[in-house]
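One structure is given here, and the rest of the page talks about it.
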Amino acid sequence: METARIPTTKDETFRQQLDELYRENFQLMYRVAKSVTGNKHDAEDAVQNVFVKLIQGQPSSNFQKNPKAYLCKAAMNEARNIVRSCRLRREVEADVSELDIAADGNKDKLRERLTAALSELDPQLVTMLTLRFDEGYSCKQIAEELGRTNLGVRLNLHRVLRKLRKLMRDPGGIQ
């Protein structure tokens with residue numbers, strides 16, 4: 001049975017310091033993040049993620065030296081991660097919709113081509129495809145299941161779908 005944790009003076013001091021940092025730096029961090037994302041909601045997410053990471057871990061020595069500069073740089077980096085993640089998500093979705101396999105009336109032939117194409121791929125990537133499209137897992141769930149990062153899963157799915165599409169379009173591409 002888990003016992004309730006009683007806040008200590010140190011916890012309360014930390015919360016007050018964090019609150020003060022947030023109030024002093026939010027607008028600047030938000031503007032920096034919005035200039036990268038171009039989107040109000042993603043910019044707010046970026047700032048929030050920076051503070052969540054501060055709560056979860058020990059800030060670096062750069063934070064101790066110049067908190068304002070550290071927070072702005074962290075907001076910019078987090079915003080870049082969000083933009084990159086959104087771009088990869090769109091590319092994976094586009095890849096799936098473009099995976100238009102011309103069924104020439106012979107499903108058995110098509111199934112053979114798909115099986116042959118899948119056999120050419122790395123088994124880890126085939127596992128990701130199976131989890132994503134057969135089991136309906138999200139990229140985040142796949143990342144947790146396989147011990148990978150969400151970004152890594154998206155990137156791998158993008159690449160493997162592109163390769164699979166090429167193998168399916170070019171029957172001679174399968175050796």
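List of remarks:
- Sole residue being farther than 22 Å from Ile82 by Cβ and not in a helix (DSSP H, G or I), chosen from Leu164, Leu129, Leu125, Leu121: Leu121
- Verdict on Arg111 being surrounded by 10 or more Cβ atoms within 10 Å (Cβ to Cβ), at pLDDT 80 or above and in the same structural domain as His158 (by TED's automatic domain parsing): no
- Test: residue in the range 76-84 that is modelled with pLDDT of 70 or more and loosely packed, with under 13 Cβ neighbours inside 10 Å: no
- Complete set of residues in the range 141-161 that are at pLDDT 90 or above, charged (D, E, K, R) and either surrounded by fewer than 18 Cβ atoms within 10 Å (Cβ to Cβ) or in contact with a Pro (Cβ under 8 Å, 6 or more places away or on another chain) (or both): Arg159
- One residue from Asp42, Asp19 being among the charged types (D, E, K, R), assigned to a helix (DSSP H, G or I), modelled with pLDDT of 85 or more and touching a helix residue (DSSP H, G or I) at 6+ places or on another chain (Cβ under 9 Å): Asp42
The values are calculated or read from the model by the stated rules, or taken from the named source; none is laboratory data. Please read all numbers here as calculations on a predicted model, not as lab measurements. So basically every Cβ, Gly included, is an ideal-geometry build from the backbone, and we count neighbours across all protein chains shown.
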